[in-house]
Amino acid sequence: MNTRGDAAEARAADYLTRRGLKILTRNYRCRGGEIDLVCRDGAALVFVEVRLRAQRGFGGAAESITAAKQRRIALAARHYLAGKPLPACRFDAVLLDGDDIDWIRDAFQIA
């Protein structure tokens, strides 16, 4: 169990809920990928990556969402959507750098 990671995801979920999103699923996993939070924002389905950086020694939280990480999130999103009607979707990021929280809507696109 990753206590710091779990706490960061709980903090992000609370932050998004207070801004009107509905949490549908936490820690959705499939072979090859994971989505931290799956949310509903109006009619849109939102796949959220939560990134925590307590110190900036290795770069900020945003820099840690690499192209490889984006591909794994996209793979999990495709798996989550398999066999379901395709709603409008987007990929957001909630970045926790120390005490700061930044919510980036449409943080990245997938092909």
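Under 15 Å from the Cβ of Gly20, count the other residues' Cβ atoms, weight Lys and Arg +1, Asp and Glu -1, and hand me the total.
+3
Tally Lys and Arg at +1 and Asp and Glu at -1 over the other residues with C-beta under 10 Å from the C-beta of Leu75: what net charge comes out?
Neighbourhood net charge equals +3.
How large is the helix-only mean residue ellipticity at 222 nm for the chain, computed as the sum of -39500 (n - 2.57) over DSSP H runs with n ≥ 4, divided by its residue count, in deg cm²/dmol to the nearest 500?
It lands at -9000 deg cm²/dmol.
How high is the relative contact order of the stretch 3-108, given as a whole-number percent (alpha carbon pairs under 8 Å, six or more residues apart)?
Dividing the mean separation by the residue count of the stretch 3-108 yields 25 percent.
Helix 3-18 versus the longest principal axis of the chain: what is the Cα-based angle in degrees, 0 to 90, to the nearest 10?
With both axes taken from Cα atoms, the answer is about 60 degrees.
What angle, in degrees between 0 and 90 and rounded to the nearest 10, separates the Cα long axis of helix 67-81 from the longest principal axis of the Cα atoms of the chain?
With rounding to tens, the tilt is 40 degrees.
Bear in mind these aren't lab numbers, they're just calculated from the coordinates by the rules spelled out. Since the structure is predicted, the reported quantities are computational estimates derived from the model, not experimental observations. Every residue, glycine as well, gets a Cβ built from its backbone with ideal geometry; the counts of neighbours run over all protein chains shown.
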